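Undergrad: After the structure tokens below, expect a handful of questions from me.
The values are calculated or read from the model by the stated rules, or taken from the named source; none is laboratory data. Quick caveat, the model's predicted, so the values are computed rather than measured. When we count neighbours, we look across all protein chains shown, and the Cβ atoms used for this are built from the backbone with ideal geometry, even at glycine. Please note that ligands, DNA and RNA were not included when accessible areas were found on the heavy atoms of the full protein model with its side chains. Shrake-Rupley method; radii C 1.70, N 1.55, O 1.52, S 1.80 Å.
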Amino acid sequence: MSFKYIGKSFEKTDGYSKVTGMAQFVADIKLPRMLHAQVLRPKFAHALIKSIDTLEAEKSEGVYKVVTGRGCKIFFGACGFLDQNPIAVDKVRHIGEPVAVVIADIVQHAKKALSQINVEYEPLPVLLDPVAAAHNKNVLIHQKLGEYPHLPSYFPQPGTNIFHHYRLRKGNIEKGLKETDFIVEGEFEFPLSAHSALEPHSVICRWEGKDRVEIWATSQAPFVLQQVIADMFKLPHSNVRVHIPYLGGGFGGKSDVTIEPMLVYAAKFLPGYAIKFVCSRKEVMTSTVLGRGMKAHAKLGAKKDGTFTAFQAELYFSDGAFGDTATNIVTVAGHNSVGPYSIDNCHVDSYGVYTNTPPVGAYRGYGHPEGNFISERLIELMAEKLKTSSSELRRKNFLCEGKKNSLGETIRDYNGNLFKCLENVEKELFSEPKPEENDRYIYGRGIAAMMKSPKGAPNAASCCQIKFCADGSIQVNLSGVDMGQGAQQAMRQIAAESLKIPLEQISIFREIDTQHSPWEWQTVASMFTYRGGNAIVKTAEKAIKILKKNAAPILKFGIDSLEYDGEFVYVKTDPDKRIAVKNLVRGYMHENGLTVGEVAEATAGDRLPGYTDPNPKFGMGSAGGTWTFGCQGCELKIDKKTGEITIDKFISSFDVGKVISPRMIRGQIVGGVVMGIGQTLKEKIEFSEDGKITNATWMKYKIPQINDAPRKQVVICVETPEIRAPYGARCIAEHPMVAVSSSILNALFDATGHNFFHIPVTSEDILKVIGGKN
């Protein structure tokens, strides 16, 4: 099938606004009667609050109000686990938790007043390691764990620091282990890391009396934020209005509700004022959410012929002081740790553990990179033990037509072709002989396979509104947040294809307002092109049907006999009998002014059918819904004198179903790879023993720079159309980051003969294992 707009690259809709500085972000917004907030953070990562004295701060210049958690009985949780107050009440649980909020006329006055607040603390033992915290029943970060309201799909263990335990039980693990001829196992560590989006978290809040509130926020989830705030204050959801202007990056870190409840709670003490708070770079790291943070032990069993028979794992996630934003990550990482393989016997325990660190939330890949790290490293170990190619081992066990994944879902051919992805990577990676070791460098190559499914609420959906204007041009409204990934442009191309009109006649939404925009659960899980695209296709069909109904009595033919081409509605058997679309969009007006028919506006939505939470006993069920498969490969060299790792070549091949925009999909993939390289070789949140973050600035926290990017990146897209997706297009936004660490560590093994089971792997780590090669 040929397309006019799908599969081609066009100028992005928001490009001009961004490069000219016209794009308005939350920090740019100025409102009447605006005040500014600053936040007092604790001196200790774990301590009782004995007293707070705000009297001197309240007298400070320009101060309107100082708000503490004293008397606050509100708990919130966006994901269905209500374990957090908007401001600390009687205890602090991590170093970035808000203790008091100062509201003043200018930022400088608010900052000055912070130093005049006196807090008396009683320090408590600090827990940083998730395995140690999970087994420590003497130091409880949440004594009331058993009292928190939560969804039935979460399984806290009161009297411990484990707030969620996901269990996967597929087949019979004892039987699977008995059938093995070989077993490999390892201990794995994936550190906490920062999202490092360009725009810091920001929020403005204005209460209109006691029962209406308006919010401007840097959020990927405006309707989730609306619901959380409404539930906190027992308001009708319709009384909470959320605006999302341009968003400067998210990577999942702005999908969770973080600083907004704090500011909305504080702003309620000053109704009629617009209160603004913009996080410092340090506060983004200490006081919103972090990503990753896992320790695990896992084993893989196989027969002599390479057939996998058993997979067993225990995963412990360092999920910080509050568990709500991490519960689903624990589940997803658990069932995806098996990888894109058919294994009959799987036994996984995945634990979400409270620690005295900032909360963990969504981060590009949402538990999949951690799980992939386990399975792909184990496969490399198994290949070594079986003395076979790791690629052949993968091929033998790949998920494909008729095979069942770890959740028990049956994979079909239209779900994607892993074999073709692996073939593409191998062909490119081994197109030339690997360079021989020389006086300065040793070389290595590695491959990893991956799969990713979305994780969302079972009722998650995307909705669309299409309005025809009087001249036949079209306005398309959705609520997927464009944070730089090109969501608006992708929707515009899908709309142009579905409505058969030129791109320049389509105006796509720019900002989101819960008062006017159609409902969208949130822009996460790489699902917006899939769900939002389907919503456009469905809405376009409805709008076109209205036009045909308007034309039918005029042309004197039933709507089944009519065709639409974007410019006219005409009779299929006699195309000369036609009416211009612009004469039908408000109904058809006769010469005497009599107008018949409907206004051509339509709405529709889309969600994954049959999507459920996992079965509570076995952890299986229809919790995947749709998948994207792929493989990645890496060629690197190591400087034997310095230990420096250089990625010479990185190959990514994903079965994307159908490419919407070649330029945008390449940008997604190469960007994700560079993020993955930073995660693998540089990034780690460092803590002192007392729970303070020691590298919470971009001077100390090392994100990848241009010199860290691969010298060459190759992107090869396989197109096996997904039968239910818009024009066959699958999810792809997070996927490029999933297998990067595994690919690099497999290449490091090829180069050094040493297996690393932790990241980041630094030059110091390398020098320790290649000392004899200097």
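Undergrad: So THR258 ticks every box in (1) farther than 14 Å from PRO86 by Cα; (2) polar (S, T, N, Q); (3) in contact (Cβ under 8 Å) with a residue 40 or more places away in the chain; (4) open to solvent by 10 Å² or more (accessible area, probe 1.4 Å) but one. Which box is left unticked?
TA: Every condition holds for THR258 apart from (1).
Undergrad: State whether the residues of segment 569-584 include one that is within 30 Å of the chain's Cα centre (by Cα) and part of a strand (DSSP E or B).
TA: no
Undergrad: Next up: Restricted to segment 9-23, and to residues that are free of Cβ contacts under 8 Å to residues at least 40 places away in the same chain and open to solvent by less than 80 Å² (accessible area, probe 1.4 Å), which residue is farthest from GLU504 (Cα to Cα)?
TA: GLY21
Undergrad: Of everything in segment 546-568, what is free of Cβ contacts under 8 Å to residues at least 24 places away in the same chain, assigned to a helix (DSSP H, G or I) and of a type outside the set (Gly, Ala, Ser)? Give them in sequence order.
TA: Listed by number, the residues that qualify are LYS548, ILE559, ASP560.
Undergrad: Another one. Looking at ALA310, ALA296, ALA302, which one is closer than 30 Å to GLY176 by Cα, modelled with pLDDT of 95 or more, among the small types (Gly, Ala, Ser) and touching a Gly at 6+ places or on another chain (Cβ under 6 Å)?
TA: None of the other options fit; the residue is ALA310.
For every residue, the table says whether it meets (1) under 19 Å from the mean Cα position of the chain (by Cα); (2) open to solvent by less than 50 Å² (accessible area, probe 1.4 Å); (3) over 21 Å from ALA543 (Cα atoms).
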| position | (1), (2), (3) |
| --- | --- |
| LYS452 | yes, yes, yes |
| SER462 | yes, yes, no |
| ASP471 | no, no, no |
| ASN477 | no, yes, no |
| GLY484 | yes, yes, yes |
| ARG492 | no, yes, no |
| GLU497 | no, yes, no |
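Undergrad: With ILE6, ILE29, ILE49 as the choices, which residue is within 30 Å of LEU128 (Cβ to Cβ) and of a type in the set (Val, Ile, Thr)?
TA: Answer to the selection: ILE49.
Undergrad: Here is a check on your reading of the model: is GLU61 open to solvent by 10 Å² or more (accessible area, probe 1.4 Å), assigned to a loop (DSSP other than H, G, I, E, B) and either in contact (Cβ under 8 Å) with a residue 40 or more places away in the chain or touching a Ser or Thr at 6+ places or on another chain (Cβ under 9 Å) (or both)?
TA: yes
Undergrad: Just give me the residues in segment 671-712 being of a type in the set (A, V, I, L, M, F, W, C) and under 30 Å from PRO125 (Cβ atoms), in sequence order.
TA: ILE685, PHE687, ILE693, ALA696
Undergrad: Quick check on segment 133-186: of everything there that is over 31 Å from the mean Cα position of the chain (by Cα), touching a residue at least 24 places away in the same chain (Cβ under 8 Å) and in a helix (DSSP H, G or I), which residue is surrounded by the most Cβ atoms within 10 Å (Cβ to Cβ)?
TA: Top of the filtered list is GLY176.
Undergrad: If you go through segment 688-700 one residue at a time, do you hit one that is over 21 Å from the mean Cα position of the chain (by Cα), charged (D, E, K, R) and under 30 Å from GLY7 (Cα atoms)?
TA: No: segment 688-700 contains no residue that is over 21 Å from the mean Cα position of the chain (by Cα), charged (D, E, K, R) and under 30 Å from GLY7 (Cα atoms).
Undergrad: Can you find even one residue in segment 534-543 that is closer than 20 Å to PHE3 by Cα, assigned to a loop (DSSP other than H, G, I, E, B), touching a residue at least 12 places away in the same chain (Cβ under 8 Å) and open to solvent by 40 Å² or more (accessible area, probe 1.4 Å)?
TA: no
Undergrad: Within segment 432-452, which residues are farther than 27 Å from ASN417 by Cβ and among the aliphatic types (A, V, I, L, M)?
TA: Hit for segment 432-452 is ILE442, nothing else.
Undergrad: For ALA113, are the conditions met, namely being open to solvent by less than 70 Å² (accessible area, probe 1.4 Å) and over 28 Å from the mean Cα position of the chain (by Cα)?
TA: Here the answer is yes, as ALA113 does meet what is asked.
Undergrad: Output the residues belonging to segment 367-405 that are part of a loop (DSSP other than H, G, I, E, B) and either open to solvent by less than 10 Å² (accessible area, probe 1.4 Å) or closer than 16 Å to GLY630 by Cβ (or both).
TA: Within segment 367-405, GLY367, LEU399, CYS400, ASN405 qualify.
Undergrad: Among the residues of segment 38-50, how many are open to solvent by 50 Å² or more (accessible area, probe 1.4 Å), part of a strand (DSSP E or B) and not basic (Lys, Arg)?
TA: 1
Undergrad: Hey, could you check segment 192-233 for residues that are charged (D, E, K, R) and over 20 Å from LEU270 (Cβ atoms) and say which is surrounded by the most Cβ atoms within 10 Å (Cβ to Cβ)?
TA: Here the answer is GLU199.
Undergrad: Going residue by residue through segment 289-305, is there one that turns out to be out of contact with any Phe, Trp or Tyr (no Cβ under 9 Å at 6 or more places or on another chain) and open to solvent by 20 Å² or more (accessible area, probe 1.4 Å)?
TA: yes
Undergrad: Name the residue, out of ASN345, ASN239, that is open to solvent by 20 Å² or more (accessible area, probe 1.4 Å), among the polar types (S, T, N, Q) and touching a Lys or Arg at 6+ places or on another chain (Cβ under 8 Å).
TA: ASN239
Undergrad: Please indicate, with yes or no, whether at least one residue in segment 99-106 is in a loop (DSSP other than H, G, I, E, B), buried (at least 24 other Cβ atoms within 10 Å of the Cβ) and touching a Pro at 6+ places or on another chain (Cβ under 6 Å).
TA: no
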